[in-house]
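Worksheet: the structure to be examined is printed underneath.
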Amino acid sequence: MAHVIVMGNEKGGSGKSTTAMHLITALVRDGYRVGALDFDLRQKSLFRYLDNRTNYMERHGIELPMPVQIELAASTNDSRERAEAEDEALFDQAMAELSAECAYIVIDCPGSFTPYSRFAHARADTLITPMNDSLVDFDMLARLDPADGKILGPSLYSEMVWNARQKRAASGRKPMDWVVLRNRMSTIDAKNKRRVGAALKDLAARIGFRLVAGFSERVIFREMFLSGLTLLDLRPDDPQAMSMSNIAARQEVRELMRSLGLAEPADSGEKQAANA
């Protein structure tokens, strides 16, 4: 069976699709065949990213690492029960097809609760929850007492993850690795940053996730979407592309892959040198 990586967070704008795209690129560059599913059926941010990548390759006459894609649609059945059954059947079929040829499957979930999202969470070997480093995003994981900052209880999303983990345990599968990714962390030692950090450590011990440093706030992540490129596609011999900021950002991608324990990412220049 393929290792299933799910990008899950019921709040938009946290960097799910950007993180998913960099994971896919890193894994394919490392020699793995990777499947991709985008369950944000309205925005389709991940598949839009991949479309831009395909257009970039056609314009420049080059080849870049790409995953195997399967696009699903939501059932239009009037019966909610039958519609969910149809969605589940399509999900199972897609997972079976990708598992037959891929070592990894990366699933990008929407910022809302949907049947496809629930199915994906139940199958996740690694669940990655990116969050912006703010109390607003922390509310997606748990409720805080505004007076003393103590945790009052888990959020609806955390309860969904708990139910998914219970089902995995009941089926005899290995435990899910739940990773909370702190994105857009400020370099300034602000009070809000310390408060979020303390609350996350407390919550991690309570509900069982591990904290990993994500991506800093950088313009390069927003700029690369239109070209479909990732930091691992930038050539080290291009001084304009490889600024100090971009080198630091690429190192963040490397550290993320090491923290997840999936694969050691290699950029295009390193791959060419290794092949030579």
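Computed values, structure above
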| read-out | value |
| --- | --- |
| For Glu81, net neighbour charge (Lys/Arg +1, Asp/Glu -1) across residues whose Cβ lies under 14 Å away | -3 |
| The chain: calculated mean residue ellipticity at 222 nm from DSSP helix runs of at least 4, using -39500 (n - 2.57) | -14500 deg cm²/dmol |
| GluC sites (Glu not before Pro), loop per DSSP, at most 12 other Cβ atoms within 10 Å - longest free stretch of the chain | 72-276 |
| For the chain: rounded, prolate or oblate by the Cα gyration tensor [a/c cutoff 1.5] | oblate |
| Rounded to the nearest 20 debye, dipole of the stretch 3-267 from Cβ charges on Lys, Arg, Asp, Glu | 920 debye |
| Share antiparallel - DSSP beta bridges, the chain, percent rounded to 5 | 10 percent |
| In the stretch 3-267, lysine pairs closer than 17 Å at Cα, eight or more apart or cross-chain | 7 |
| Shape category assigned to the stretch 74-156 from the gyration tensor of Cα positions, a/c cut at 1.5 | oblate |
| Net charge of Cβ neighbours under 10 Å - reference Asp40; Lys, Arg +1; Asp, Glu -1 | +2 |
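Every read-out reported here was derived from the displayed coordinates using simple, explicitly stated rules and does not represent laboratory data. All figures in this text were calculated on a predicted structure; none of them were measured in a lab. Cβ: placed from backbone, ideal geometry, glycine included. Neighbour counts: every protein chain shown.
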